[in-house]
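First up is the structure itself, then whatever we jot down about it.
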Amino acid sequence: MKQDMIVILDLGSEENPRLAREIRALGVYSEIHPHDITAAELDALPGVKGIILNGGPNRVVDGVEIDVAKEVYNYNVPVLLADHKGDKPWPADEGERKTALSNFVFDLCGAQPNWNMENFIADQIELIQRQVGDRKVLLALSGGVDSSVVAALLIKAIGKQLTCVHVNHGLLRKGEPEQVVSVFRDEMDANLIYVDAVDRFLDKLADVTDPEQKRKIIGAEFIRVFEEEARKLSGIEFLAQGTIYPDIIESGTKTVKAVKSHHNVGGLPEDMDFALVEPLKMLFKDEVRACGVALGLPESMVYRQPFPGPGLGVRCLGAITRDRLEALREADAILREEFDKAGLAGKVWQYFTVVPDFKSVGVRDNARSFEWPCILRAVNTVDAMTATIELIDWPVLQRITDRITHEVPGINRVLYDLTPKPVGTIEWE
Ligand code: XMP
């Protein structure tokens with residue numbers, strides 16, 4: 001293994017992710033594990049040079065103070081007990097904190113600052129090969145950042161032992177399904193099953209107006225299509241997933257309650273007996289992107305803005321029709337193109353179009369038109385819990401309006417959504 005590691009054991013501190021990031025910032029890889037880890041499990045982790053027991057306010061679980069096993073206290077690397085019983089916090093001062101950490105990590109543990117993407121990838125490849133051997137792995141490849149990076153990593157590690165399934169549900173952005181095929185099948189020579197499920201999804205969604213119902217149908221149908229494809233294949237023993245560290249945090253740890261259950265964690269088809277391969281589960285989002293770049297994925301794939309699972313389905317308001325969905329997709333492509341040109345693409349957190357299910361009167365070619373409006377939305381946020389509105393320059397808005405109303409059939413007005421979150425949510429449905 002190429003990397004040294006400091007293991008953080010979670011004794012109920014919500015600060016563990018920050019601590020892991022601080023250690024990684026020193027150039028040393030760090031992972032967080034549950035307090036009830038055994039010495040044998042520690043033996044199986046590569047490159048462990050030191051252990052930090054980090055306690056905090058959640059140390060008492062169901063009335064009982066949790067602790068690590070004696071064998072872990074006596075483990076054969078330096079063990080640092082931090083914030084014991086929750087009454088001695090880490091130094092609040094950034095500089096003091098950094099000194100305390102680097103004393104432990106470098107002087108006491110003798111760790112080398114060898115955490116970088118190249119080494120991470122090399123280690124993960126070795127770990128994946130060790131886990132999978134000559135067996136087969138299946139991956140649902142949406143084309144989003146996380147699943148794309150997992151795919152690229154697994155292709156490097158096990159090549160054709162990986163089968164990727166890309167389900168096109170008809171609710172992706174313009175060019176996305178094509179990009180998945182060209183990057184993974186054509187360039188990376190992956191085993192890729194492309195499933196055109198557009199009619200199937202749109203038929204199921206026809207006349208469905210309730211937003212929650214739409215989401216449920218899309219989610220359930222997705223699992224059904226994926227399962228059907230999985231059942232056609234034989235001898236698959238592993239399911240790869242693009243789970244990343246924030247998914248695990250949000251889904252709750254043994255000491256911190258769940259914020260929401262994430263679809264990557266749990267929610268698997270119950271009667272399918274797969275072991276999981278989750279090579280990114282210890283990475284934060286920016287690290288996942290860096291990993292994708294190091295693996296040679298295009299920047300347009302790695303630096304894409306967040307995109308909801310139900311896709312354009314929640315932006316084509318009310319009952320989805322094919323013509324309005326197509327108008328939405330074209331308008332979204334224009335917005336993205338103009339944001340790129342205006343240098344806004346890397347600056348604004350999320351930007352998209354919405355097409356509601358009503359029409360208004362306009363004039364086109366000296367005749368009355370009766371067409372849909374298109375709503376533009378551009379927001380900035382840190383955690384998507386609250387969001388502010390990006391102030392877009394008028395000329396940019398005017399150019400987008402001009403292009404959408406002239407290039408997209410069926411749209412005769414463009415509106416700009418000025419609502420922050422709260423009161424609005426980021427998406428409209
Ligand atoms: P809201 O609309 O709740 O959105 O303010 C917050 C962020 O979450 C994204 N979003 C989703 N992401 N599946 C996802 O993976 C979903 O069902 C979903 N709904 C909303 C939304 O795009 C925004 O970034």
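The values are calculated or read from the model by the stated rules, or taken from the named source; none is laboratory data. This is a predicted model, so every value here is computed, not measured. When we count neighbours, we look across all protein chains shown, and the Cβ atoms used for this are built from the backbone with ideal geometry, even at glycine. Surface accessibility is based on the protein's heavy atoms, side chains included, excluding ligands, DNA and RNA. Shrake-Rupley method; radii C 1.70, N 1.55, O 1.52, S 1.80 Å.
Observations, loosely collected:
- All of (1) small (Gly, Ala, Ser); (2) away from the ligand (no atom under 16 Å from the Cβ); (3) loosely packed, with under 15 Cβ neighbours inside 10 Å hold for Ala384 with one exception: (2).
- Of all residues in the range 363-381, those that are within 19 Å of Val423 (Cα to Cα) and crowded, with 17+ Cβ neighbours inside 10 Å total 5.
- Residues located in the range 406-429, provided they are under 18 Å from Phe358 (Cα atoms) and touching a strand residue (DSSP E or B) at 6+ places or on another chain (Cβ under 6 Å): Gly410, Ile411, Asn412, Arg413, Val414, Leu415, Tyr416, Asp417, Trp428
Residue by residue, here is whether (1) open to solvent by 30 Å² or more (accessible area, probe 1.4 Å); (2) aliphatic (A, V, I, L, M); (3) farther than 19 Å from Ile249 by Cα holds:
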residue: Leu11; (1), (2), (3): no, yes, no
residue: Arg21; (1), (2), (3): yes, no, no
residue: Arg24; (1), (2), (3): no, no, no
residue: Gly55; (1), (2), (3): no, no, no
residue: Val60; (1), (2), (3): yes, yes, no
residue: Gly63; (1), (2), (3): yes, no, yes
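- Residues in the range 129-152 that are within 13 Å of Val167 (Cα to Cα), open to solvent by 10 Å² or more (accessible area, probe 1.4 Å) and of a type outside the set (A, V, I, L, M): Ser142, Gly144, Ser147.
- When Leu418 is tested against (1) within 26 Å of the chain's Cα centre (by Cα); (2) within 16 Å of the ligand (Cβ to nearest atom); (3) not basic (Lys, Arg), exactly one condition is not met: (1).
- Scope the range 307-351; condition within 16 Å of the ligand (Cβ to nearest atom), over 24 Å from Ala220 (Cβ atoms) and of a type in the set (Val, Ile, Thr); matching residues: Val348
- Comparison of Ala331, Ala327, Ala275, Ala319 shows that the only residue that is touching a strand residue (DSSP E or B) at 6+ places or on another chain (Cβ under 8 Å) and surrounded by fewer than 16 Cβ atoms within 10 Å (Cβ to Cβ) is Ala275.
- Output for the range 350-362, where each listed residue is among the hydrophobic types (A, V, I, L, M, F, W, C) and either open to solvent by 80 Å² or more (accessible area, probe 1.4 Å) or more than 26 Å from the chain's Cα centre (by Cα) (or both): Phe358, Val361
- Cβ-Cβ under 8 Å pairs, at least 6 apart or on other chains, the range 371-394 side farther than 29 Å from Ser360 by Cα and of a type in the set (A, V, I, L, M), far side more than 9 Å from the ligand (Cβ to nearest atom) and open to solvent by less than 80 Å² (accessible area, probe 1.4 Å): Ala387/Asn380; Ala387/Pro420
- Within the range 387-412, tally of residues that are surrounded by 14 or more Cβ atoms within 10 Å (Cβ to Cβ) and either within 16 Å of the ligand (Cβ to nearest atom) or not assigned by TED's automatic domain parsing to the domain that holds Ala331 (or both): 3
- Criterion applied to Ala290, Ala333 was being in the same structural domain as Gly143 (by TED's automatic domain parsing) and under 23 Å from the mean Cα position of the chain (by Cα), and the one residue passing it is Ala290.
- Tabulated pairs, the range 121-133, first without any contact (Cβ under 8 Å) to a residue 60 or more places away in the chain and in the same structural domain as Leu295 (by TED's automatic domain parsing), second of a type outside the set (A, V, I, L, M, F, W, C) and assigned to a helix (DSSP H, G or I), C-beta under 7 angstrom, 6+ apart or interchain: Ile125/Lys156
- Annotation note: Cβ proximity below 6 Å between a residue of the range 39-55 that is assigned by TED's automatic domain parsing to the domain that holds Leu81 and among the aliphatic types (A, V, I, L, M) and a residue that is open to solvent by 40 Å² or more (accessible area, probe 1.4 Å) and not in a helix (DSSP H, G or I) (sequence gap 6+ or interchain) occurs for Ile51/Val79; Ile52/Leu80; Leu53/Leu81.
- Counting residues in the range 209-223 that are in a loop (DSSP other than H, G, I, E, B), within 19 Å of Ser147 (Cβ to Cβ) and touching a strand residue (DSSP E or B) at 6+ places or on another chain (Cβ under 7 Å) gives zero.
- Inter-residue pairs, beta-carbon under 7 Å, first free of Cβ contacts under 8 Å to residues at least 24 places away in the same chain and in the range 90-117, second assigned to a helix (DSSP H, G or I), 6+ apart: Pro91/Arg97; Pro91/Ala100
- Pairs meeting the criteria (first residue in the range 401-426 and touching a residue at least 60 places away in the same chain (Cβ under 8 Å), second residue within 11 Å of the ligand (Cβ to nearest atom) and part of a loop (DSSP other than H, G, I, E, B), beta carbons under 8 Å, at least 6 apart or on different chains) are Asp417/Gly424; Ile426/Thr381; Ile426/Ala384.
- Counted residues, the range 202-232 - those being in contact (Cβ under 8 Å) with a residue 40 or more places away in the chain and either open to solvent by less than 70 Å² (accessible area, probe 1.4 Å) or within 16 Å of the ligand (Cβ to nearest atom) (or both): 17
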